[in-house]
Amino acid sequence: MYRFLLTPRWWGINVFVLLSIPFCIFMGSWQLGRFEDRVQDHRTATEQVSEARHEAPRPLKDMLPVDKATSGKLVTASGTYGKQLLVPGREIDGRQGFYVLTLLRTGSGEALPVVRGWLPGSADAAKVPAPPAGEVTVTGALQASETPGDNGVSAQGGLPAGQTAAISAASLVNLVPYDVYDAWVTLAKGDSGMKAVPAAAPPDSGLDLKAFQNLGYTAEWFAFVGFVIFMWFRLLRREVESARDAELGLVADEEPVTVDAAVK
């Protein structure tokens, strides 16, 4: 009854099943590993941001370029404040508000974007305290340039003069007449009574959509293993029933073809 398993058709089916099952298991395990790596990155990044608050600040030039190892670390920089911009649509503690971003012109000739603090409500330059005059030294958490569309960063264009949607060198270089560091700093203590902006985890280290996509792909690959096994048993059962019916003579014979007499 099971001789059909030795036919070329069933050899092809069996080889496909035997190859697809371990492949799907491998791919599912790989996607699960990617998700676990992102979970670990998120845990490590969160701990890094928390521990950085208790570390001694280091000079800015020693911590560039920004990467996962330096993001969130405390740095110091000296210079004079220059152009000031507002970053609307930023939420803290469930309240909508805006960042106050001031460019710190350093001795290197490049300007460092410094988030001096956060204020509630809509972005309004009249509500913003003026930056300190003269030479200042700032201490804050180092952050990587933002990418519009990621982690709640607005991709909105056409903002009023004096505003920017993202804190990045690519955006700011068009708004100020000098070079800008590809990084920014959020002050450890809000300036002039403003609320300090918490440091964010390094890019691509959070439990974002990409992480849960990995988890979804894991479920899909393992579900496909079950589907392949189910279809193999279903095909096998159908073939066995057909063979049993043939042995019992239950398979209907093909109707005889009649030839019209006129054709003869």
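The values are calculated or read from the model by the stated rules, or taken from the named source; none is laboratory data. Note that this is a predicted model, so its numbers are computed, not measured. As a convention, Cβ positions derive from the backbone with ideal geometry for all residues, glycine included, and neighbour counts pool all protein chains shown. Surface accessibility is based on the protein's heavy atoms, side chains included, excluding ligands, DNA and RNA. Shrake-Rupley method; radii C 1.70, N 1.55, O 1.52, S 1.80 Å.
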The answer for the net charge of residues other than Ala183 whose Cβ lies under 12 angstrom from its Cβ, with Lys and Arg +1 and Asp and Glu -1, is -2
With label points set 7 Å from each Cα along the Cα-to-Cβ direction at Ala219 and Asp124, the distance between them in nm comes to 4.6
Note, segment 57-71: 3J(HN,Hα) by Karplus (6.51, -1.76, 1.60, θ = phi - 60°), whole Hz, Gly/Pro = x, goes x, 10, x, 4, 4, 7, 10, 9, x, 6, 9, 5, 7, 9, 4
Quick calc: nm separation of the 7 Å Cα→Cβ label points for Asp245 and Val136 -> 8.5
Heavy-atom accessible area with a 1.4 angstrom probe orders Phe224, Phe16, most exposed first, as Phe16, Phe224
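Could you give the semi-axes, largest first, of the ellipsoid that matches segment 1-150, computed as the square roots of 5 times the alpha carbon gyration tensor eigenvalues and rounded to whole Å?
Equivalent-ellipsoid dimensions as semi-axes: 55, 19, 14 Å.
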Taking alpha-carbon centroids only, segment 171-190 lies from segment 94-125 a number of Å equal to 8
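In what order, largest first, do Asp179, Asp245 sit by accessible area if the probe radius is 1.4 Å?
Asp179, Asp245
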Result: in segment 3-131 the number of Lys pairs with C-alpha under 27 Å apart, spaced 8 or more or on different chains, is 4
For 22-31, 137-146, ranked highest to lowest by mean beta-carbon neighbours within 10 Å, the order is 137-146, 22-31
With every protein chain kept in place and a 1.4 Å probe, the residues Trp184, Trp11 fall, from largest accessible area down, as Trp11, Trp184
Pseudo-spin-label distance Arg234 to Val176, built 7 Å along Cα→Cβ, given in nm, is 6.3
